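Only one structure is covered here, and it is reproduced in the block below.
All of the numbers you see were taken from the coordinates with simple rules; none came from a lab. Predicted model only: the values in this text are computed from it and were never measured.
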Amino acid sequence: MTETTKIGIIGAGGRMGRMLIEAVHDNSATTLAAAIERSGSTLIGVDAGELAGIGALGVKLTDNLESVLTDIDVLIDFSLPDATEQNVQLCAKHKVAMVIGTTGLSESQEQALNDACLHIPVVYAGNYSTGVNLSLKLIEMAAKAFGETADIEVLEAHHKHKVDAPSGTAYMMADAAATARGQNLKEVAVYGREGQTGERTSGSIGIHAIRGGEIIGDHTVMFIADGEVVEITHRARVRMTFAAGAVRAAAWVVGQSNGRYDMQDVLGLKD
């Protein structure tokens, strides 16, 4: 019997964590080996499978990540930036691969991640859905084809509980367009508009965030040329899509060379 990839999950007691537990269970190439929750949680000691509604798995939630790192091949982390920074350092220390979906990292936290990638392989993506990553490829193609003959606007919508904006996926899409045109996104991005803004700057990329209700995640990139408009849109309908993609990435990253990867690498979409 082929040995499966042993996975640990950060934030196992949350909504995303429970879906990740289910996704690991549903993937024949992976096994849940550890489930970690914040210190003080009332869920510590609960069986992860029972928590996810799939039956007992014999893996109980713990608040001590370092104590289980020797039991896993890869850690999946969809938590908060400060927590992810600490987890990255621990995984680098213990040579455990990572799959990270945390958004909103600061520049120093990005640097900490890059430093860790010298010692372990890490998949870091703002979105783990196959559809989104196919969309990124289409955005790159459209941006190259239009060049600066089309204005680019990125619109994203998420549920009212999301705490960061714009979304990591919106950044990915805007960056894909900018890179394809030979631009640095930081130099051309415009976030929303208000007041007397003047005419639109040629080559700029607008990024806009909408928050409300229970929208899982909608993203549209508009290429607005004289006489025609091309829109590339992705709408997420179930969150399990992201969990299944992250588990797919976890099975892929184990055994890769040290370095930083994204979902494009996992799906084989890189040129």
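Quick check: convex hull over the Cα atoms of the stretch 184-268, volume per residue in Å³, rounded to an integer?
It is 172 Å³ per residue.
Quick one: check the C-alpha center-to-center distance for the stretch 189-262 versus the stretch 141-163, whole angstrom.
Here the answer is 6 Å between Cα centres.
Once you have the alpha carbon radius of gyration of the stretch 130-235, what is it after dividing by 2.2 N^0.38 Å, with N set to its residue count?
In units of the 2.2 N^0.38 Å rule of thumb, it is 1.04.
Determine the calculated [θ] at 222 nm for the chain from helices alone, applying -39500 (n - 2.57) to every DSSP H run no shorter than 4 residues and normalising by the residue count; nearest 500 deg cm²/dmol.
It lands at -10500 deg cm²/dmol.
Under the 0.36 nm per residue contour assumption, what length would be gained going from the current alpha-carbon distance of residue 238 and residue 141 to full extension?
Result: 32.2 nm gained on full extension.
Sorted from largest down, what three extents in whole angstroms do the Cα atoms of the chain have along their principal axes?
That works out to 61, 40, 35 Å along the principal axes.
Calculate, axis by axis, the spread of Cα positions in the stretch 1-151 along the three principal axes, and write the results as whole Å, longest axis first.
58, 34, 32
Over the chain, with a Gaussian network built from C-alpha contacts below 10 Å, which listed residue (36, 215, 120) shows the highest mean-square fluctuation?
Largest GNM mean-square fluctuation: 215.
Let me confirm the definition first: pairs of Lys residues in the chain, 8 or more apart or on different chains, C-alpha distance under 24 Å. How many are there?
For the chain, qualifying lysine pairs total 11.
Against the longest principal axis of the chain, how steep is helix 107-116, in degrees 0 to 90 to the nearest 10, with axes from Cα atoms?
Helix 107-116 and the main axis of the chain meet at about 50 degrees.
For the chain, what is the relative contact order in percent, using Cα pairs closer than 8 Å and at least 6 residues apart in sequence?
Across the chain, relative contact order equals 21 percent.
Starting from 0.36 nm per residue, how many nanometres of slack lie between residue 39 and residue 226 once their C-alpha separation is accounted for?
Stretched fully, the residue 39-residue 226 segment lengthens by 61.7 nm.
Using Cα pairs closer than 8 Å and at least 6 residues apart in sequence, work out the relative contact order for the stretch 130-235, in percent.
Relative contact order here is 41 percent.
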